[in-house]
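The values are calculated or read from the model by the stated rules, or taken from the named source; none is laboratory data. Keep in mind that what you see is a predicted model, and the values were worked out from it rather than measured. Cβ placement follows ideal geometry from the backbone for every residue including glycine, while neighbour counts extend to all protein chains displayed. Heads up: the accessible areas ignore ligands, DNA and RNA and are worked out on the full protein's heavy atoms, side chains in. Shrake-Rupley method; radii C 1.70, N 1.55, O 1.52, S 1.80 Å.
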Amino acid sequence: MTGTRGAVTFEGVRKEFGSFTAIPELDLAIAPGELVTLLGPSGCGKTTTLRMLAGLETPTAGRILIGGQDVTRLPADRRDVSMVFQSYALFPHMSVAQNVAYGLESGGMARREARGAAEKGLDLVGLSGMGGRLPSELSGGQQQRVAVARALVLEPQVLLLDEPLSNLDARLRRRVRTEIRELQQRLGFTAVYVTHDQEEALAVSDRIVVMKDGRIAQQGTPRELYDSPASEFIADFIGEANVLPCEVESVSGGTATVAVGGLRQPVPAREAAPGPARLAVRANAITLTPGAGAFAGRIASAAYLGDHVEYEVETDLGRLFVLDAEAVEPLATGASVALGFRARGLALIA
Amino acid sequence: MIRDDRRLDFMLLLGAAGLVVLPWYRIRGGFFGFGWLGDWLSDDRLWPGLAQLFPDRWWLWPIPLLLLAALALRLTLPPSRRGRGLVLIGAAGLGWMLVEGLSVGLRGWNWGLLEATFGEVEGQQAYGAGAIVTALAFAGLIAAGLAERGALKGDAFVIGAIGLLVLLVATFVLYPIVSMFTGAFQDYDGSFTAEGVAKNIGDPNIWGLGCLTGGRCGVAWRTFTLAICTATGTTLLGLAFALVATRTRVPFKKGLRLLTVLPIITPPFVIGLALTLMLGRAGFVTTFIEDTTGWTLGRWLYGLPGIWIAQMLSFTPIAFLVLIGVVEGVSPSMEEASQTMRAGRWRTFRKVSLPLMAPGLANAFLIGFIESMADFGNPLVLGGSGGVLSTEIFFAVVGAQHDPARAAVLATVLLGFTLSAFLAQRLWLGRRNFATVSGKGDGGRPALLPRRVAWPVGVVVALWAAFTLFVYGLILFGGFVQTWGLDHSFTLEHYARAFSVDLSDGIAWTGVAWKSFWTTMEIALIAAPLTAAVGLLTAWLIVRQRFPGRGIFEFALMMSFAIPGTVIGISYVMAFNLPPIQMTGTAAILIFCFVFRNMPVGVRGGVAAMSQLDPSLDEASLTLGASSPRTLRRVILPLLRPAILAALVYSFVRAITSISAVIFLVSAKYNMATAYIVGLVENGEYGIAIAYSSVLILVMIAVIGGFQLLVGDRQLRRREARAAAARRTEEVPA
């Protein structure tokens, strides 16, 4: 089985809670050493999926395989996975070292040996010498790293992370996610990462699986999802796009020419055919010029955010969200503007 | 998979041990005396189940056969394919043991119909160690089978725990109640008869409405009226106390809180006793009034008025305890919101605060109602000729009339009242559950009471608190006077008679109270940890595990809170006096009675404490490879220490003070303090009774005080740790 160590497979997995179907049918394969993010709005089934993998929920139907072994009916304590919880779930009555050694001792390792391994685990996350403290004596970021160390010392086939950064402040979040990604690359374990924050998903993942209503809406590398969203939902969920109605006029050599809002714009064709379509336009792919133009609008509101300005622009196609990172002086509310498109950040949606 | 096999092997071994090694039937001298070991081979009453087959007990055959079938499954099929079979075998085994145990009694078949069909058979004793172990093995087979089928995430421990609890609750709560019902329909020889029920159910002494026309009402109506009055009174007074404690600037608020401890530590008839000595026919207040005014006050105290006053004194603190939580639970921001909308204090109180408290008031009312219905001690002392249901039940069993059918009917009526009240409250509450305490930090202070409410409420509370203190003072005082009401000279004689110790020849406990005192301590000490364990295990299952029927399970448990102690006592007598389970006259029946009577409180405490623990702590432990028992032991229990201590203390104290159920179950060998004191009261030995009660109260105060010190100390240390942590994190920026 060493060849498939760390591989994860969901085969036709279904999960019902009473009369509510959380996951109708899920098929998903994760390669060894891959970091896969389950991304989606709350209630989309991403946490349920993770908990089924951990053994904290039992699927109603289907099979789950870890490392080639069917674990569908295996209780959580007998699965070769470990989990980092959203609340960290550090045992408040045990010291940091006891927390990290807990899983090793549960597995039957002698106390002394387990303490040694725990110390190494703490080294790994940069907390050497903190083993004697209680979790309540650590900062949020330190607690988070203890939770990671506690899961990692077991050398599981798969590491599960359930919104691991949601209790950290924004600045710390960026640093810790880089640390987690570095650890994963260095040690080469498989990781499944649940989050509702698309930026976090884009930053850490090998592959993102976007879920909606218990189904996979789209999966792919961060780049694929950002550049070619398969649906309006994906376009909006990943990187907040404006979705505009448009007309594909012609397709040639991988480039389609579309008419949108009085402008004519070349975009990557994907599988588009001439006819009515929808165009996802990133907020930073719209340019605003004071004055009149073919695609005209009026500034409905403007918010100055330091390094960029956010606008709501009223147009014939509805209200658009525009982000201008180059503005020196924000445009005034009520000003008339001409809208244009940049080359990147536009995608046709089937 | 090896683990599945090992688990199953253990269950099979257990079954084999029960069937082949241990004595199948009950041993008269007691199993744990181990006196039976010597005669194990020679005496056929001590033989194990397998040997019992041969003196013609053919109805035991299915049991070894089913165990063999399970063994066959174990040897031929892998775990994934035998689960269903194991469940069926286990269920069949338990079912069969139930059927044969109920069918074959001491002298053969229990029912004529069976005897006619199968011919006469030799009788059998009650189940003993062997049968109980075998039954547990069958239950274990069900659990193992379900786990192998992947039920409850394949956690055999959780399934086993649920199975064990269901088995215990069925045996010690449901079976007695059912036995009580059937007992009402049985003749002396056990055959069916409706005569007793027919005679009793229409008895005007129970249901008569004569008081409307100037005569006497039936005992059911009297009890009901009393319960309504007590519930109303205690709720109003409790609310008054709660409002004064939280919403006025009255000093001594801490002292008010101390009042809440009183009912827990007071043996139930003590207040009745004190009232008799004060207001009874020869009470000193009565004598004083009669002497100074020349009126004749007579026996007004004996009957409903006296019981009502005693119950008000006994149960107001309980209502206060419930309502102080309710009153504090009304979020100040609601009231502040109301005041900013130009409602004055009075309008705010009437339109916002009171309606928000309504569910809590209903809860306090229900508790008062049930406590009053279930109260046994006060009516026993003060009932006079007009008793209530609980005392009537008692006299139907122990009195000259000895009429078990009447006791069963009365107990059913009593149970009917309390359960209806419980269900009615649940229905009413269903729509009205205001969660007024949000998780968000609520600022603001509770609004003070409007002046026109504060004054009358304050006066009432002060008077009542003074009255309560006076009554308790009397109890202490009464132990030190010669003869209450006649001769008030100081004496230590009562204490000497009750608690004298002779040191001349080692320690000899010569006082009359010692025997029942040590029995009480022993039984309370055994029952307390069992109660806490069963209660907290149940709480853990209810809060943390999702299993089919969980809602019903929880509901049934909470409902058992509404079963009056008298009903439990009478039902235990009826259920456990004859095979298949025979325990009357033992210490075990007292212990089981306490465990299942006090369990609901342990469950409530456990549920409350466990709901505050982040569920991901359990899950983290599981995903770190710790099994459920290890999780429970290493993570949950250490974090629940205060709740465990509280459950321990509560069940210990309750085991000492309870009387209603106990009085049916005590025996000459195992007499409890309260039952002994009641005997003293009946003999008119008030002095010793009061001295003994005072000692009990002091013992319990010591226990509770020690517990407070323990927990308080713990919290202090935690706070220090947190302060230290705060300092350290400041030094080491993250």
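Just to confirm the filter: which chymotrypsin sites (Phe, Trp or Tyr not before Pro) across the stretch B:1-58 are DSSP coil and have at most 15 other Cβ within 10 angstrom of their Cβ?
Details: sites: B:Phe10, B:Trp24, B:Tyr25, B:Phe31, B:Phe32, B:Phe34, B:Trp36, B:Trp40, B:Trp58; in loops: B:Trp24, B:Phe34, B:Trp40.
Passing sites in the stretch B:1-58 are B:Phe34, B:Trp40.
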**Request:** Compute from the Cα atoms of the stretch A:240-349 the Rg and the Dmax, the latter being the longest Cα-Cα distance, and quote both in angstrom.
**Result:** 14.2, 42
**Item:** Along each principal axis, Cα extent of the stretch B:2-149, largest first, Å
**Value:** 45, 39, 20
**Request:** For the stretch A:1-148, report the accessible area per residue in Å² (1.4 Å probe, heavy atoms, rounded to an integer).
**Result:** 37
**Request:** With an 8 Å cut-off on Cα pairs and a minimum separation of 6 or more residues, tell me the relative contact order of the stretch B:508-702 in percent.
**Result:** 37
**Asked** Under a plain spin-label model, where a point goes 7 Å from the Cα along Cα-to-Cβ, how far apart in nm are B:Thr586 and B:Leu419?
**Response** 2.8
**Message:** Once neighbouring chains are kept in place and the probe is 1.4 Å, which whole percent of the accessible area of chain A is contributed by carbon and sulfur?
**Reply:** 49
**Message:** Using only the Cα atoms of chain B, what are the Rg and Dmax in Å?
**Reply:** 28.7, 93
**Message:** Is there a quick way to get the dipole size of the stretch A:2-227? I mean about its Cα centre, with the Cβ of Lys and Arg at +1 and of Asp and Glu at -1; what is the value in debye to the nearest 20?
**Reply:** 380
**Request:** With no solvent and one equal point scatterer placed on each C-alpha of the protein assembly as shown, evaluate the Debye formula and give log10 I(q)/I(0) for q = 0.04, 0.08 Å⁻¹, two decimals.
**Result:** -0.31, -1.04
**Request:** Could you give the size of the charge dipole of the protein assembly as shown about its Cα centre, using +1 on the Cβ of each K and R and -1 on the Cβ of each D and E, expressed in debye and rounded to the nearest 20?
**Result:** 1420
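Within 10 Å of each Cβ in B:632-642, how many Cβ atoms from other chains are there, averaged over the peptide?
Numbers: counts 0, 0, 7, 6, 0, 1, 4, 3, 0, 1, 0.
What the average comes to for B:632-642 is 2.
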**Request:** Can you spot the lysines whose alpha carbon is less than 21 Å from B:Lys515's alpha carbon? Ignore those fewer than 8 places along the same chain.
**Result:** B:Lys669
**Asked** Taking the C-alpha atoms of the stretch A:97-144, how large are the radius of gyration and the largest Cα-Cα span, Dmax, in Å?
**Response** 10.6, 31
**Message:** Suppose we take every Cα in the stretch A:2-227 and form the convex hull; what volume per residue is that in Å³?
**Reply:** 124
**Request:** Compute the distribution of all C-alpha to C-alpha distances in the stretch B:273-359, in bins of 5 Å from 0, and list the percent of pairs in each, rounded to whole numbers.
**Result:** 3, 12, 15, 12, 9, 8, 7, 8, 10, 9, 5, 2
**Prompt:** Of A:Leu138, A:Leu279, A:Leu159, which has the largest mean-square fluctuation in a 10 Å C-alpha GNM of chain A?
**Reply:** A:Leu138
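Run through the stretch B:108-205 and list the chymotrypsin sites (Phe, Trp or Tyr not before Pro) located in a DSSP loop whose Cβ has at most 12 other Cβ atoms within 10 Å.
Values: sites: B:Trp109, B:Trp111, B:Phe118, B:Tyr127, B:Phe138, B:Phe157, B:Phe172, B:Phe181, B:Phe185, B:Tyr188, B:Phe192; in loops: B:Trp111, B:Phe185, B:Tyr188.
Loop-located and lightly packed - B:Tyr188.
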**Prompt:** D for the stretch B:508-702, whole µm²/s, Stokes-Einstein with Kirkwood Rh over alpha-carbon pairs at 37 °C and 0.692 mPa s: what number?
**Reply:** 179
**Asked** How high is the relative contact order of the stretch B:2-149, given as a whole-number percent (alpha carbon pairs under 8 Å, six or more residues apart)?
**Response** 38
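Considering only protein heavy atoms, with the full assembly of protein chains and a 1.4 angstrom probe, order B:Trp428, B:Trp61 by accessible area, largest first.
Values: B:Trp428 85, B:Trp61 105 Å².
These residues rank, largest area first, as B:Trp61, B:Trp428.
Return the carbon/sulfur percentage of the accessible area of the stretch B:2-149, one whole number, probe 1.4 Å, all protein chains in place.
Here it works out to 68 percent.
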**Item:** Expected 222 nm ellipticity per residue - DSSP helices of 4 or more, -39500 (n - 2.57), all of chain A, to 500
**Value:** -7000 deg cm²/dmol
**Asked** Could you state the number of Å between the C-alpha centres of the stretch B:56-88 and the stretch A:93-164?
**Response** 45
**Message:** Heavy atoms of the protein only, probe of 1.4 Å, neighbouring chains included. What is the accessible area of A:Leu202 in Å², nearest 10?
**Reply:** 50
**Request:** Indicate the residues belonging to the stretch A:77-117 that lose 50 Å² or more of solvent-accessible heavy-atom surface (probe 1.4 Å) upon moving from the chain alone to the assembly of all protein chains, ignoring ligands and nucleic acids.
**Result:** A:Asp77, A:Arg78, A:Phe85, A:Phe91, A:His93, A:Tyr102, A:Ser106
**Prompt:** Mind listing the phi-derived Karplus ³J(HN,Hα) values for the stretch A:287-293, rounded to whole Hz, using 6.51, -1.76 and 1.60 with θ = phi - 60°, and x for any glycine or proline?
**Reply:** 9, 10, 10, x, x, 9, x
**Message:** Just to confirm my numbers, what's the Cα centroid distance between the stretch B:544-607 and the stretch A:49-84 in Å?
**Reply:** 38
**Request:** Take the alpha carbon atoms of the stretch B:317-377, find their center, do the same for the stretch B:262-308, and report the distance between the two centers in whole angstrom.
**Result:** 32
**Request:** Please work out the ratio of the alpha-carbon Rg of the stretch B:63-203 to 2.2 N^0.38 Å and round it to two decimals.
**Result:** 1.32
**Residues with amide H under 5 Å from that of A:Ile23, placed H, sequence gap 5 or more** = A:Lys15
**Item:** In range of the label at B:Phe555: residues from the stretch B:528-545 whose backbone nitrogen is under 18 Å from the point 7 Å along Cα→Cβ
**Value:** B:542-543
**Request:** Go ahead and estimate [θ] at 222 nm for chain B from helices alone: -39,500 (n - 2.57) per DSSP H run with n ≥ 4, summed, over the residue count, rounded to 500.
**Result:** -21500 deg cm²/dmol
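Suppose we flag trypsin sites (Lys or Arg not before Pro) only when DSSP calls them loop and at most 14 other Cβ atoms lie within 10 Å. Which is the longest uninterrupted stretch of chain B?
On the way: sites that count: B:Arg28, B:Arg107, B:Arg249, B:Arg299, B:Arg342, B:Arg431, B:Arg432, B:Lys440, B:Arg546, B:Lys669.
Counting only loop sites that pass the neighbour cut-off, the longest clear stretch is B:108-248.
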**Asked** Taking 0.36 nm per intervening residue step and subtracting the Cα-Cα distance, what contour gain separates B:Trp300 from B:Leu98 on full extension?
**Response** 67.5 nm
**Item:** Longest site-free stretch - chain B; sites: GluC sites (Glu not before Pro), DSSP loop, at most 13 other Cβ within 10 Å
**Value:** B:123-734
**Request:** With a 1.4 Å probe on protein heavy atoms only, work out how much accessible surface A and B bury together, total over both chains, in Å² to the nearest 100.
**Result:** 3100
**Exposed GluC sites (Glu not before Pro) absent - longest run of chain A, DSSP non-H/G/I/E/B, at most 11 other C-beta within 10 Å** = A:1-270
**Charge sum, other residues only, whose C-beta stays under 12 Å from A:Glu119's C-beta, Lys/Arg counted +1 and Asp/Glu -1** = +1
**Message:** With a cut-off of 8 Å between alpha carbons and a minimum separation of six or more residues, what is the relative contact order of the stretch A:164-260 in percent?
**Reply:** 14
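Report, in order of residue number, the helices in chain B meeting two criteria: a C-alpha extent of 30 Å or more along the helix axis, and a mean Kyte-Doolittle hydropathy of at least 1.0; treat each whole DSSP H run as one helix. Could you put the intermediate results ahead of the total?
Values: long enough: B:79-103 (36 Å, 0.56); B:219-247 (41 Å, 1.21); B:304-329 (35 Å, 1.66); B:404-430 (38 Å, 1.24); B:451-478 (40 Å, 1.60); B:514-544 (44 Å, 1.17); B:587-611 (35 Å, 1.42); B:686-731 (67 Å, 0.40).
Helices passing the filter in chain B: B:219-247, B:304-329, B:404-430, B:451-478, B:514-544, B:587-611.
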**Request:** With a probe of 1.4 Å, find how much accessible area chain B has per residue, and write the answer as a whole number in Å².
**Result:** 46
**Message:** With Kirkwood's inverse mean 1/r over C-alpha pairs for Rh, give me the Rg to Rh ratio of the stretch B:231-312, two decimals please.
**Reply:** 1.08
